[in-house]
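Notes follow the structure.
The values are calculated or read from the model by the stated rules, or taken from the named source; none is laboratory data. This one's a predicted model, so the numbers in the text were calculated from it and none came from an experiment. Cβ sites come from the backbone with ideal geometry, for glycine too, and all protein chains shown count toward neighbours. Accessible surface is based on the protein model in full, side chains and every heavy atom, while ligands, DNA and RNA are left aside. Shrake-Rupley method; radii C 1.70, N 1.55, O 1.52, S 1.80 Å.
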Amino acid sequence: MKILTILGTRPQLIKAGAFSNYLLNHTNIVEVIVNSGQHYDVSMSSSFFEEMGIPKPKYDFMAGGLSHAKMTAKILEKSEETILLEKPDFILVYGDTNTTLGGSLAAVKLDVPIIHIESGLRSFRINQPEEINRVLTDRLSKFLFCSSDLAVSNLKNEGIISSKERIVENVGDIMLESVLLFKNKLKPSDNIKKLSEKPFYLLTLHRQENVDNILVLKDILNGMKELNKKIIFPIHPRTQKRIQEFNIEVSANIILTPPASYGDMLFLINQSEFVITDSGGLQKESYFFGKKCLVLREETEWKELIEVNASVICGTKTEDILKQFTKITNNQSSIPNDIYGTGDTSEKIVKHLKL
Ligand code: UD1
């Protein structure tokens with residue numbers, strides 16, 4: 001059996017850290033990895049292959065730094081060529097990026113069954129690029145592996161249920177498996193250890209709707225200033241570019257540092273007092289480490305975390321950030337620790353893959 005995996009962004013590499021290693025060490029399945037190149041800085045891409053022991057990609061599409069249409073089109077075209085060449089039994093995609101959609105479209109047109117890991121998430125904001133990618137990829141997939149019961153029920157509401165044609169199942173969250181696999185294995189760099197000596201909050205910020213608008217970005221950074229606390233901020237290249245373009249001055253309590261390796265990020269989350277983010281993955285990772293999280297968005301696809309008060313949505317306005325921060329830090333209710341399964345996602349997925 002041969003799987004062609006099409007990935008290309010930082011969070012997809014983190015997910016592959018668990019699943020590709022599982023395929024390699026526990027099965028006879030051949031995995032051919034394709035890197036779309038959507039993320040192309042070493043710190044966002046190739047360093048993760050080495051750090052997490054993911055087999056080297058056989059193909060690199062070099063589709064980074066393009067507009068949405070050009071990037072998706074390039075990945076679609078190159079995926080078609082590669083599928084024709086490799087003749088895989090399945091193609092595998094993760095999450096909700098342009099890489100996910102480009103790879104899926106190519107596969108479905110060639111009648112190759114799609115495995116979608118992290119299926120069924122919905123933010124219900126169809127103007128978000130990620131929501132478009134998710135909804136479409138789910139329509140096209142044959143194996144829809146969900147992280148939670150809520151994701152399964154989102155699909156059911158769209159008429160997507162297990163049938164002769166497809167499998168829809170809650171297999172738990174693949175990122176939990178990555179955390180469990182790597183948290184004791186990877187050691188933090190000296191630089192990050194030193195940076196995190198005194199208590200701090202951890203910040204990440206990269207969403208198009210947050211960083212491409214000067215007013216929104218300024219409001220968020222002003223909120224960070226008003227929190228008046230040491231904040232470590234591993235900065236995404238997109239955000240870095242915008243801060244420079246908009247000529248925004250970052251306040252002194254915010255410590256900027258380059259995108260973190262996975263080992264550094266796990267260390268930072270674990271050492272932090274609190275996490276502030278607009279990333280989907282980091283909301284979950286904070287929860288896995290028992291850290292509360294402020295979500296710099298108007299909604300989240302990880303709604304389970306809001307329901308149990310592990311995360312709170314605060315939007316992007318300075319006053320709302322401060323208000324919600326006080327609310328969540330004062331809330332002492334206990335949080336269940338099994339919302340996303342037990343970390344055996346890969347095993348559960350592989351059991352379903354039959355020719
Ligand atoms: C993408 C995903 C998003 C995911 C995120 C994880 C889409 C639509 N978005 O967003 O869902 O949460 O990855 O990080 O697929 N850039 C660099 N170097 C890099 C990567 C990006 O300079 O290594 C620059 C690009 O040139 C571009 C900007 O950052 O100007 C955005 O990159 P892009 O890959 O389009 O989207 P992300 O914001 O990373």
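Tell me whether segment 267-287 contains one or more residues that are of a type in the set (A, V, I, L, M, F, W, C), without any contact (Cβ under 8 Å) to a residue 24 or more places away in the chain and within 16 Å of the ligand (Cβ to nearest atom).
No, segment 267-287 contains no residue that is of a type in the set (A, V, I, L, M, F, W, C), without any contact (Cβ under 8 Å) to a residue 24 or more places away in the chain and within 16 Å of the ligand (Cβ to nearest atom).
List the helices (runs of 4 or more DSSP H) that sit entirely inside segment 69-164 and contain at least 1 residues that are of a type in the set (Asp, Glu), modelled with pLDDT of 95 or more and open to solvent by less than 10 Å² (accessible area, probe 1.4 Å).
Hits in segment 69-164: 129-140.
Regarding segment 241-248, can at least one residue be identified that is within 15 Å of the ligand (Cβ to nearest atom), in a helix (DSSP H, G or I), over 18 Å from Leu322 (Cα atoms) and aromatic (Phe, Trp, Tyr)?
Checked segment 241-248: no residue is within 15 Å of the ligand (Cβ to nearest atom), in a helix (DSSP H, G or I), over 18 Å from Leu322 (Cα atoms) and aromatic (Phe, Trp, Tyr).
Can you pull out the residues in segment 22-68 that are part of a helix (DSSP H, G or I), out of contact with any helix residue (DSSP H, G or I) (no Cβ under 8 Å at 6 or more places or on another chain) and over 26 Å from Thr345 (Cβ atoms)?
Val42, Ser43
Given the criteria more than 23 Å from Phe288 (Cα to Cα), basic (Lys, Arg), assigned to a helix (DSSP H, G or I) and at pLDDT 95 or above, does Lys218 qualify?
Yes: the conditions hold for Lys218.
Do the conditions hold for Ile235, that is, is it within 16 Å of the ligand (Cβ to nearest atom) and more than 21 Å from the chain's Cα centre (by Cα)? Lay out the reasoning, then the answer.
Details: within 16 Å of the ligand (Cβ to nearest atom): yes; more than 21 Å from the chain's Cα centre (by Cα): no.
No: the conditions fail for Ile235.
Would you check which residues across segment 203-215 are within 14 Å of the ligand (Cβ to nearest atom), in a helix (DSSP H, G or I) and over 16 Å from the mean Cα position of the chain (by Cα) and list them?
Within segment 203-215, Glu209, Asn210, Val211 meet the criteria.
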